[in-house]
Structures are given as structure tokens and as C-alpha cells.
Amino acid sequence: MNQQRVQAIRQGSRYPDRPVIGTQETINTMPATQLQDFYQRWYHPSNMRLMVIGDIVPQEVAAEIARQFVALPAVSLTARHYYELRLKQQLNVVRLQDSESGAGTVCGYLDG
């Protein structure tokens, strides 16, 4: 179900086609220094998207996010022209079904 959800939400990006951490082979053969370099280069709040799901008070969540991340330094990142998605001002609703569990869900999200 999560793979289907990622494909629906990240449609048009490279994200659904690539494992977050890598394949078994890359995990087993990558030198630790290469992984540390990757982490230092890309894992910064200025390069992240935060998705908050649930019954929340938006102002409280925004304040807590600011409190948690305000002290972290801003980092300039390499331009990634392939990453930018063209968003549309529309509601997208996708029905997800897992044939093995019989469970289904409806995933709605707003682009733009």
C-alpha cells in the first residue's frame, strides 16, 4: 500500500522508481565514507519536505516545526533541474487496493 501511495503522491518524479536507501548490492558494497559524504551533502532541512498527517492544529504544528529546525544552518545545495515537478491546482484522488489483504484506501492530495 505504501508503494502505491508513493507512486500516487510522487507521480512524475524519480522518487517512486528508486529505493530510498538503495539496493541490497549497493548497501553491501558502498564504502562508509561514500555514504557519509552523501549524507553530509543532501540531508539538510532546506532539502527536505515534511508531510504532516493527522488531526492537527496547523498553527501549533507550524510553531513546533519552526522550533525544531530554526537553529540548524541553511545550506546551499547543488541545483537539480530534473527534480522540480510541475504542480497543478487540482485535487487528485487515487484508490489504492492491496489484493493480498483485502484492504483498500482512498488517497487524496492537492497539487500546487
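The values are calculated or read from the model by the stated rules, or taken from the named source; none is laboratory data. Keep in mind that this is a model prediction, so the values were computed, not measured. Cβ sites come from the backbone with ideal geometry, for glycine too, and all protein chains shown count toward neighbours.
Do we find that Ile27 is surrounded by 11 or more Cβ atoms within 10 Å (Cβ to Cβ) and either of a type in the set (D, E, K, R) or touching a residue at least 40 places away in the same chain (Cβ under 8 Å) (or both) in this structure? Please lay out each step first, then the result.
On the way: surrounded by 11 or more Cβ atoms within 10 Å (Cβ to Cβ): yes; either of a type in the set (D, E, K, R) or touching a residue at least 40 places away in the same chain (Cβ under 8 Å) (or both): no.
It is false that Ile27 is surrounded by 11 or more Cβ atoms within 10 Å (Cβ to Cβ) and either of a type in the set (D, E, K, R) or touching a residue at least 40 places away in the same chain (Cβ under 8 Å) (or both).
Suppose the filter is loosely packed, with under 10 Cβ neighbours inside 10 Å, closer than 24 Å to Arg95 by Cβ and not basic (Lys, Arg); does Ile9 pass it? Can you show your working first?
On the way: loosely packed, with under 10 Cβ neighbours inside 10 Å: no; closer than 24 Å to Arg95 by Cβ: yes; not basic (Lys, Arg): yes.
No: the conditions fail for Ile9.
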Write out, first by first residue and then by second, each pair whose Cβ atoms fall under 6 Å of each other, whose residues are 6+ apart or on separate chains, and whose first residue, in segment 36-55, is closer than 16 Å to Thr78 by Cβ while the second is loosely packed, with under 10 Cβ neighbours inside 10 Å.
Ser46/Ala74
Can you pull out every residue in segment 15-53 that is within 18 Å of the chain's Cα centre (by Cα) and of a type in the set (Asp, Glu)?
Asp17
Can you list the helices (runs of 4 or more DSSP H) found entirely within the chain that contain at least 1 residues being modelled with pLDDT under 75 and among the β-branched types (Val, Ile, Thr)?
2-9
